[in-house]
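Everything below concerns the one structure shown next.
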Amino acid sequence: MLGFILLFTRPAYPGTLPELLIYTEIWPPFNYLDDNGNIVGAATDVVRALMNEANVQYSIEIMPWSRAFAKVQGQPNSLIYSIYYTNERAPLFHWLCPMFHSKGVGLFKLRSRKDLQLVSLDDAKSYLIGTIRGGFSREYLIAQGFSEQTNLLISSDEEANVRQLFSRRVDLIIQSPESIAYRLKKMGVATDQIEPVLDSFDNQERQICLAINRESDPILIATLERAFNNIMRDRNTRLIPSLP
């Protein structure tokens with residue numbers, strides 16, 4: 001048993017660990033593509049610093065959230081970011097938390113929809129909301145009594161939801177203020193054409209994390225956990241942003 005513990009906790013050296021496959025989505029300002037097609041963002045900075053600290057070979061692939069979420073669940077030695085930690089998701093992964101804290105996302109509407117006014121989240125049940133499969137917002141809304149049969153329209157990615165808002169296929173979309181500004185700029189649409197109708201679902205601060213497949217190499221997991229603790233402790237001196 002002692003030999004196993006020593007092996008499990010020994011430092012990593014080049015070539016001793018498997019390559020880590022990393023999946024993410026477009027979720028600005030945490031992870032997104034710049035004008036040259038490079039994967040950037042505040043969380044991506046953390047990931048690259050983590051891989052450098054752990055001395056792990058890796059690749060990052062960007063794809064729709066539902067596909068990324070499914071891939072990391074079925075593929076050992078893989079990681080997904082940026083992901084909200086929730087009690088429901090807790091047993092699915094090995095977690096590295098938090099990279100950031102967030103007050104979450106809110107509901108947005110077209111500014112021209114003067115008829116659409118909400119006081120509470122329950123009021124939104126009378127409208128059609130665009131969300132994505134496998135996303136935190138869909139999970140949360142279903143737990144609050146929303147349904148795909150009545151008031152949720154599921155898309156593959158958030159940009160599709162924004163397009164559906166402007167085409168009036170949905171009444172509301174779920175975004176963070178930073179994300180919606182990025183998506184509208186990319187579409188060439190003025191930000192004043194939409195407005196928040198509920199700033200946050202529940203005003204709870206949430207952890208934005210990295211999640212590792214539970215069947216991954218145990219030495220790889222231990223190495224990443226140790227490296228994560230190091231860079232989070234020293235994030236100011238490493239020039240890693242505390243807030244996006």
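Just so it is clear, none of the values below were taken in a lab; they were calculated from the coordinates. Nothing here was measured: the structure is a model prediction, and the numbers come from that model. Here Cβ is always computed from backbone atoms with ideal geometry, including for glycine, and neighbour counts include all displayed protein chains.
Model label sites at SER156 and THR16, defined 7 Å from Cα along the beta-carbon direction, differ in position by 4.2 nm. Converting phi to 3J(HN,Hα) with the Karplus coefficients 6.51, -1.76 and 1.60 and the offset θ = phi - 60°, the stretch 69-84 yields 4, 5, 4, 5, 6, x, 10, x, 6, 9, 9, 10, 8, 8, 9, 5 Hz in sequence order, with x at every glycine or proline.
So what is the 222 nm mean residue ellipticity for the chain from helices alone, if each DSSP H run of at least 4 adds -39500 (n - 2.57) and you divide by all residues, rounding to the nearest 500 deg cm²/dmol? Working shown, then result.
Numbers: 7 runs with 75 residues, N = 244.
One gets -9000 deg cm²/dmol as the mean residue ellipticity at 222 nm.
What number does the chain give for Rg over Rh if you use C-alpha atoms and the Kirkwood radius?
Details: Rg = 19.4 Å, Rh = 19.2 Å.
With Rh from the inverse mean 1/r over Cα pairs, Rg/Rh is 1.01.
Using every pair of distinct Cα positions in the stretch 106-198, the Kirkwood expression returns a hydrodynamic radius of 13.1 angstrom.
Taking amide H positions as modeled 1.01 Å from N, with prolines and chain starts lacking one, the residues under 5 Å from LEU20 and 5 or more places away or on another chain are GLN57, TYR58, SER59. A Förster radius of 25 Å combined with the Cβ-Cβ distance from GLN57 to GLU178 puts the calculated FRET efficiency at roughly 0.20. Largest mean-square fluctuation among ARG169, ARG214, ARG183, in a Gaussian network model of the chain whose springs join Cα atoms under 10 Å apart, belongs to ARG169. For the stretch 104-120, 3J(HN,Hα) computed residue by residue from phi via the Karplus equation (6.51, -1.76, 1.60; θ = phi - 60°) reads x, 10, x, 9, 10, 9, 5, 4, 6, 7, 5, 6, 9, 10, 10, 9, 9 Hz, glycine and proline entered as x. A Gaussian network model of the chain, with springs between Cα atoms under 10 Å, assigns the largest mean-square fluctuation among GLY74, GLY188, GLY130 to GLY188. A simple spin-label model places pseudo-atoms 7 Å from Cα toward Cβ; at ILE142 and GLN73 they are separated by 0.9 nm.
Of ASN229, ASN161, ASN31, which is the most mobile in a GNM of the chain whose springs link Cα atoms less than 10 angstrom apart? Looking only at ASN229, ASN161, ASN31, the largest GNM fluctuation is found for ASN229. Taking a ≥ b ≥ c as the square roots of the eigenvalues of the alpha-carbon gyration tensor, the stretch 119-158 is classed prolate because a/c is 1.5 or more and a/b outweighs b/c. Taking every DSSP bridge with both residues inside the chain, close to 60 percent are antiparallel.
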